Structure formats: structure tokens, C-alpha cells
Amino acid sequence: MLEIQEPIDVWVFFQKSLIKPCLFLWKGRQIKIDKINLVHTSKNGVSLFYHFSVSGEGNFYRLKFDVTGLKWSLEAVEEG
């Protein structure tokens, strides 16, 4: 898996207490998320992060949502 660590824009669907990323913009492309494979959280001091392992367009991606700063980043990509 190639580590990226780049800020991205994400279209998100909130359903009750769930966060469901649907699509993200990276390098001028719109990448549709076909499946959320895994979600977990982590903390760094008082900051809370949601990590999403997702599939889309035949590739795997790791997205991170910073709850404190309300920012998204692409952590890694694995092209299939």
C-alpha cells in the first residue's frame, strides 16, 4: 500500500450516528466509494480520528477524518 497523506474533499452521508463517505476528490478525479470495508477510531491527545478502509474503482483506499478540525485526508492507496 502506497502511503499518501494528502488533504482531500469528501462527500459524506450522515445516518444517525454513522458517517458514510460516498465519494472523494483526488488529483482532479471523482472516486466513487463502492464499499466501506472497515472503520475504526484513534486518538492523539484530545483529537479524535475516524479511519475508513474503502474500495472504489477497483482500488483500495484509507481515508482519515479529523473530528476536531473537520478535515479529511487520503492516507494510502493500493491499486488493484
Worksheet item: Remind me, relative contact order of the chain in percent, using alpha carbon pairs under 8 angstrom and six or more residues apart?
Response: 29 percent
Worksheet item: Zone of Asp66 (label point 7 Å along Cα→Cβ, backbone N under 16 Å): which residues in the range 1-39?
Response: 4-10
Worksheet item: Tell me, what % of the accessible area of the chain is carbon and sulfur with a 1.4 angstrom probe?
Response: 55 percent
Worksheet entry | For Phe13, net neighbour charge (Lys/Arg +1, Asp/Glu -1) across residues whose Cβ lies under 13 Å away | +3
Worksheet item: With every protein chain present, what is the per residue accessible area of the chain (1.4 Å probe, Å²)?
Response: 66 Å²
Practice prompt. Decide, for the range 23-66, between rounded, prolate and oblate: order the square roots of the alpha carbon gyration tensor eigenvalues as a ≥ b ≥ c, take rounded if a/c falls under 1.5, and otherwise choose prolate if a/b is larger than b/c, else oblate.
Written response: oblate
Response to the item:
Per residue convex hull volume, Cα only, the chain, in Å³ is 94 Å³
Worksheet item: What's the center-to-center distance, using Cα atoms, between the range 42-80 and the range 11-41 in Å?
Response: 9 Å
Worksheet item: For Lys16, which lysines qualify as cross-link partners when the Cα separation must be under 23 Å and same-chain residues fewer than eight apart are set aside?
Response: Lys32, Lys35, Lys43, Lys64, Lys71
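The values are calculated or read from the model by the stated rules, or taken from the named source; none is laboratory data. Just so we're clear, the structure is a prediction, and the values are computed from it rather than from any experiment. Backbone-built Cβ (ideal geometry, glycine too); neighbour counts: all protein chains shown. Keep in mind that these areas ignore ligands, DNA and RNA; they rest on the heavy atoms of the full protein, side chains included. Shrake-Rupley method; radii C 1.70, N 1.55, O 1.52, S 1.80 Å.
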